[in-house]
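S.K.: Take this structure, written in structure tokens, and hold onto it; I'll ask about it next.
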Amino acid sequence: MVGPRGMGKTALLSHFADTAESSGLVTARVTCVAGMLEDILIRTQRATRHLVDIEPARKIKGAGIADFISLELEDSPRELSNWRSRMDDSLDALAECNTGLLVTIDEVNPSIDEMATFVAAFQHFLDEGKKVALIHPRVKTPRPE
């Protein structure tokens, strides 16, 4: 979506996201600013709490029966990962629930480093057949004469 400021691109973006949500997709609505990648991940995880268990796995570390019953739990160690691999996990979990993710990015700014990281990862998501889509408006800038 390209057009001058004030023509309703953001409102249209919200309409598309609302329509996607009513169709069963999960949406992550963000603005292109520093921290955008974590915002996408957090919004995806929050929107999928009812579908996907995102709590770290726990296992029983010890149990005892003395005067009292005791049980000691231990969190499973998390694998080292980056943003793309954490998003892969979220997208895979959504696919298991037979749904996908729509990311909407408002106020796209190519000079934000995270935008380049997002675009590169998004291309991989598509190549890997992930159920993911992207919509973003861009302000139409006048051409120099």
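S.K.: Provide the per-residue ³J(HN,Hα) series for segment 9-15, in order, calculated from phi with Karplus coefficients 6.51, -1.76, 1.60 and θ = phi - 60°, each as a whole number of Hz, with x at glycine and proline positions.
M.R.: 4, 5, 5, 5, 4, 5, 4
S.K.: Something else now. What nm value, rounded to one decimal, do you get for the distance between residue 85 and residue 21 when each label is placed 7 Å out toward the C-beta?
M.R.: 3.2
S.K.: Sort 112-119, 36-43 by the packing proxy (mean of other Cβ within 10 Å over each peptide's residues), most packed first.
M.R.: 36-43, 112-119
S.K.: Label-point separation (nm) for residue 50 and residue 124, each offset 7 Å from Cα along Cα-to-Cβ?
M.R.: Result for the modelled spin labels: 3.1 nm.
S.K.: Simple spin-label model, 7 Å along Cα-to-Cβ: residue 33 to residue 2 in nm?
M.R.: 2.7
S.K.: I would also like to ask the following. What's the Kirkwood radius of segment 8-52 in Å, using all Cα pairs?
M.R.: Result for segment 8-52, one decimal place: 11.4 Å.
S.K.: Just to check I understand the Karplus step: with θ = phi - 60° and J = 6.51 cos²θ - 1.76 cosθ + 1.60, what whole-Hz values come out for segment 23-39, glycine and proline as x?
M.R.: 8, x, 7, 8, 10, 10, 9, 9, 10, 6, 9, 4, x, 4, 5, 5, 4
Rule-based calculations on the coordinates, nothing more; no lab input. What you see is a predicted model; the values in this text were computed from it and never measured. In this analysis, Cβ positions are derived from the backbone assuming ideal geometry, glycine residues included, and neighbour counts consider all displayed protein chains.
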